[in-house]
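Okay, so here's the structure we're looking at.
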Amino acid sequence: MINTFARRISSVTFLSAVAVLAPQMLGAAADQAATAAPALTVCTVDDTHSLALFRVHHMGAGQFWGRFNDVTGNFTFDSGKAEGMKFDITIRTESVDTGVEGLNKHLRSPDFFGAKDFPTMTFKSTGAKKTGEKTFDVTGDLTMHGVTKSIVAAVEFTGMANMGKGTSAGFEAIFTVKRSDFGMKYGVEKGAIGDDVKVVVALEGGVAK
Amino acid sequence: MGPELVWNAVLEWPVIVLCTAIGIHWLFRWKRPSSASVDRSVALRPPSRGSRFVPIVAVLLPVAVSEAVQEAITLRELLAQYPTTVSYGALPWAMLAAVAAAIVVGNGSGALSRAASAILVPSVALVFLSPPGLGGGVPQLVALAIAALAAMAACSVSGRPGPAPLLGWWLVFAVASVMVLLSGFAKLAVVLGALSAMAATLAVCAAAIGRPTMGNGLAVTLATALVAGAFLGCGYDESSFPRWTWALLASAPAATALAGVPMLKRHPRLRVTVIVLGPAALAALALAAAMLATASTTSPTDSAVDPYASALRP
């Protein structure tokens, strides 16, 4: 009987100890997890302060620049780290702008971007690698003209600042694609318009609250 | 791109042999005089209805070559890439179907035969075409109605010997090419320009030989090609030309029906002028109307919008 009583006492003591210690243990584990998880910053692209520039060789002479004005999407990053870095960017092809309406019309036509068949171009990152203090190689799928190809973009973190009404962060990506790989062959064979297109994407995004 | 691409990859030997054979067949299809008393200079060259295979040279060849050269691919690759992600990419297949249908239907001269080919040939071509914003069946039916009208009118003069009807097609396709170019679609403009150039070439051949006629099969196929070009031009139009101007362009061959007016039968020269310039005038009217309509609807930029405003923090 004494033994049974003693066993009950010890069980109660153990349970009490668990009840007292468990929250502290769980709290400590949660704190540890919070320390290990990256402090990801999620940003929504501000299309007023973001754009995509492209450069192509014209008639074997000058380098011709154009831009896309409508860039949307979001990006996620952990300051200074490649882990967790993600880009999901959409560019509206109809927003192509060279400053000359006639050229814009031609670039929107099926000769080039085919804005009516393919209203958007997208880039979805699949991985990132740190290459410098603020630079990364971001791998992702670029979908353009109905074709998806994996590309690597050299991305630079350009800064983060408080704008008064909220915080914004910026990135700049540079990469080169062969437009013929995406089925955009107009003028390539005749050498009128170059095949290699250099793309610069400047992003500024508001940090989500 | 060098000439070797055109020669080895685009044209390819079987195509060259086939087109040469068709050309010779069309140009030298003479009937032998039945009597020695007949004036041989005329009797050796009676009006020929033209080979039913001429649409291969007149329509399929320029469309396929201009497409293949612009895409820098071979004919085989061009046809193998169907179905394409772009509805415009179906144009070579649409023209192949139209030409095949025209060959099957042939050059029958009866009214029923004409009507059948004027409906059948555009129908099989339009099945392949569904430009952006013009899908769903109704636009295709409208295009078919226009094509049938244009084809019937074109058939009414297709039995006329000499180059006049082909000269009319030369000018119509040239105007169509300009209109498509102004709408922003250079690749399609090149295709229509190639059709124009081929019509001019055949017109020169017809003038040199003197007696061959187009034949209904060719007239219907050319009308189908024009309607297909206008249909795609309308769908991909980046200049916002009014749709009725595209319809007017597609129906331009209908102007040749004026050549059948009894009053003109006593004025052969005026009749030829109508056949050559009537469709071109209607097409030019469509082009002018499109440009005027676009110019009148251009609005100034709204200056009230703050160009530096942030989209996220208004």
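The values are calculated or read from the model by the stated rules, or taken from the named source; none is laboratory data. Bear in mind the structure is a predicted one, so any value in this text is a computation, not a measurement. Using ideal geometry, Cβ is built from the backbone for each residue, glycine included, and neighbour counts are taken over all protein chains shown.
Of all the residues in the range A:164-176, those that are of a type outside the set (A, V, I, L, M, F, W, C), closer than 30 Å to A:Asp196 by Cα and within 14 Å of another protein chain (Cβ to nearest Cβ) number 1. Only residues that are out of contact with any Gly (no Cβ under 7 Å at 6 or more places or on another chain) and part of a strand (DSSP E or B) were counted across the range A:130-149, and they come to 12.
The one condition from (1) in a helix (DSSP H, G or I); (2) of a type outside the set (A, V, I, L, M, F, W, C); (3) surrounded by fewer than 21 Cβ atoms within 10 Å (Cβ to Cβ); (4) within 13 Å of chain A (Cβ to nearest Cβ) that B:Tyr88 does not meet is (3). The one condition from (1) away from chain B (no Cβ under 14 Å); (2) modelled with pLDDT under 95; (3) assigned to a strand (DSSP E or B) that A:Ala161 does not meet is (1).
Checked against (1) modelled with pLDDT of 90 or more; (2) assigned to a helix (DSSP H, G or I); (3) more than 22 Å from B:Val121 (Cβ to Cβ), B:Ala207 meets all criteria but (1). Here B:Arg160 passes the criteria (1) surrounded by fewer than 21 Cβ atoms within 10 Å (Cβ to Cβ); (2) in contact with a helix residue (DSSP H, G or I) (Cβ under 6 Å, 6 or more places away or on another chain); (3) charged (D, E, K, R) except the one numbered (2).
Let's see how each residue does on (1) hydrophobic (A, V, I, L, M, F, W, C); (2) surrounded by fewer than 16 Cβ atoms within 10 Å (Cβ to Cβ); (3) under 25 Å from B:Glu71 (Cα atoms):
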{"position": "A:Thr135", "(1), (2), (3)": "no, yes, no"}
{"position": "A:Asp141", "(1), (2), (3)": "no, yes, yes"}
{"position": "A:Val155", "(1), (2), (3)": "yes, no, no"}
{"position": "A:Val177", "(1), (2), (3)": "yes, no, yes"}
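Any residue that is surrounded by 16 or more Cβ atoms within 10 Å (Cβ to Cβ) and touching a Cys at 6+ places or on another chain (Cβ under 7 Å) - is there at least one of those in the range B:109-128? Yes.
So that you can scan it fast, the table gives a plain yes or no per residue for (1) more than 20 Å from A:Asp196 (Cα to Cα); (2) within 14 Å of another protein chain (Cβ to nearest Cβ):
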| site | (1), (2) |
| --- | --- |
| A:Asp47 | yes, yes |
| A:Ser50 | yes, yes |
| A:Arg55 | no, no |
| A:Thr76 | yes, no |
| A:Lys86 | yes, no |
| A:Thr93 | no, yes |
| A:His106 | no, yes |
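Are any of the residues in the range A:163-175 surrounded by 13 or more Cβ atoms within 10 Å (Cβ to Cβ) and under 23 Å from A:His58 (Cβ atoms)? Yes: the range A:163-175 contains one or more residues that are surrounded by 13 or more Cβ atoms within 10 Å (Cβ to Cβ) and under 23 Å from A:His58 (Cβ atoms).
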